[in-house]
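Enquirer: Dropping a structure here in structure tokens format, bear with me for questions.
The values are calculated or read from the model by the stated rules, or taken from the named source; none is laboratory data. Being a predicted model, the structure only gives us computed values, none of them experimental. Using ideal geometry, Cβ is built from the backbone for each residue, glycine included, and neighbour counts are taken over all protein chains shown. Side chains included, ligands, DNA and RNA excluded: accessible areas come from the protein's heavy atoms. Shrake-Rupley method; radii C 1.70, N 1.55, O 1.52, S 1.80 Å.
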Amino acid sequence: MVDAKSVISIAPDPKVAIISAMLKHPDDLSTLVALRQKLIREKAIVDQQLKIGVQNQMEETKEALDILGTTKEQVLGVRANMKNIDSLCKDAQGLITDYPRIRK
């Protein structure tokens, strides 16, 4: 016959240890239904918290991606403007006849 201590020592699963701590005596089996309902309620609470956490993370990630997209558009706009300014400066240098002398 296998006793409870040998089963617990064989099974490395921590869940078994938790259950064995809850059910130390045969009389504890009478509270099994209440214990099961309590664990179901706790699981539902944890599941709800996880769901809310995941939703918050998804919303924050979406907002961050939107900001990143806007920033990329702004950087590309600045880049285009800088190219335009550079082009205008080069054109202006060609229009000024004494530019090298003025530059000195």
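Enquirer: Tell me, what % of the accessible area of the chain is carbon and sulfur with a 1.4 angstrom probe?
Expert: 63 percent
Enquirer: If you build the Cα gyration tensor of the chain and take the root of 5 times each eigenvalue, what three semi-axes come out, in whole angstrom, biggest first?
Expert: Listed largest to smallest, the semi-axes of the chain are 77, 18, 7 Å.
Enquirer: Using unit Cβ charges (K, R positive; D, E negative) and no other charged atoms, how large, in debye to the nearest 20, is the dipole of the chain about its Cα centre? Please report the intermediate quantities before stating the final value.
Expert: Values: 16 positive and 14 negative charges, 89 e Å.
My answer is approximately 420 debye.
Enquirer: Also, I was wondering about something else. In Å², and per residue, what accessible area does the chain have when probed at 1.4 Å with the other protein chains present?
Expert: Values: 9770 Å² over 104 residues.
It amounts to 94 Å² per residue over the chain.
Enquirer: Next up: How far, in nm, would the chain grow between residue 27 and residue 91 when pulled straight, counting 0.36 nm per residue and subtracting the alpha carbon separation?
Expert: On the way: separation 64, 0.36 × 64 = 23.04 nm, distance 9.52 nm.
13.5 nm is the gain from fully extending residue 27 to residue 91.
Enquirer: A follow-up question, please. Going by average Cβ density within 10 Å per residue, which order do the peptides 31-38, 91-98 take, highest to lowest?
Expert: 31-38, 91-98
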